[in-house]
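A.B. asks: Before I ask anything, here is the structure I am working with.
The values are calculated or read from the model by the stated rules, or taken from the named source; none is laboratory data. Keep in mind it's a predicted model, so treat the numbers as computed, not measured. As a convention, Cβ positions derive from the backbone with ideal geometry for all residues, glycine included, and neighbour counts pool all protein chains shown.
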Amino acid sequence: MRTIAVALVLAIALGAGEVRADTVQDTGDLGAVLLPAGAACGALVASDGKGLGQLTKAFGTAMAVVYVLKVATDRTRPDGGHRSFPSGHAASAFTGAAFLQTRYGWKFGAPAYLLAGYVGYSRVESKHHHASDVVAGAAIGIAANLVFTRPREHVSVTLDAGRAHAAAFVTVVW
């Protein structure tokens with residue numbers, strides 16, 4: 001949560017005053033790195049090695065899909081550059097956000113998705129991507145988490161009752 005708060009403060013501070021296209025682009029670039037890195041740091045702080053492994057698989061898969069599609073489609077960017085589709089920045093940001101939401105819940109996911117949305121906005125605003133590039137990148141990042149990431153379960157309680165017995169089992173997952 002601290003990492004997300006720091007990212008939001010940096011994005012707001014860097015975007016304060018007169019918002020220029022390069023500032024929007026720079027804060028979007030920052031968010032594309034901070035979201036997956038912050039998610040990884042959060043998993044490390046929470047001693048969630050299993051979650052870190054899931055994030056690694058989701059991120060690696062999302063980036064592999066993005067770069068295969070970039071070469072296969074070679075769509076022209078709004079600024080005239082090459083390989084616009086899909087947005088790698090959006091895929092990166094939404095991979096981090098989707099991981100946080102899926103693994104740790106909406107308490108972490110909601111602010112992460114807001115920042116990921118800003119990253120997507122920054123790519124369109126700075127004329128590096130079409131909106132459809134950003135939507136595709138976001139979908140790839142989210143889909144990778146649907147495949148690899150599972151919610152973290154801290155405690156589960158199981159009750160077992162029969163004719164001649166009753167028992168409760170508590171399982172703690174770290």
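A.B. asks: Which condition does residue 53 not pass, out of (1) under 14 Å from residue 144 (Cα atoms); (2) surrounded by fewer than 19 Cβ atoms within 10 Å (Cβ to Cβ); (3) under 13 Å from the mean Cα position of the chain (by Cα), if it passes all the others?
C.D. replies: The one condition residue 53 does not meet is (3).
A.B. asks: Let me ask something additional. Search segment 145-173 for residues that are among the basic types (Lys, Arg) and pair each with any residue that is modelled with pLDDT of 75 or more when their beta-carbon atoms are under 7 Å apart and the residues are at least 6 apart or on different chains.
C.D. replies: Matching pairs, first to second residue: 150/54; 152/48; 152/51; 152/103; 152/104.
A.B. asks: While we're on this one: Counting only residues that are surrounded by fewer than 18 Cβ atoms within 10 Å (Cβ to Cβ) and hydrophobic (A, V, I, L, M, F, W, C), which one in segment 56-82 is nearest to residue 144 (Cα to Cα)?
C.D. replies: 64
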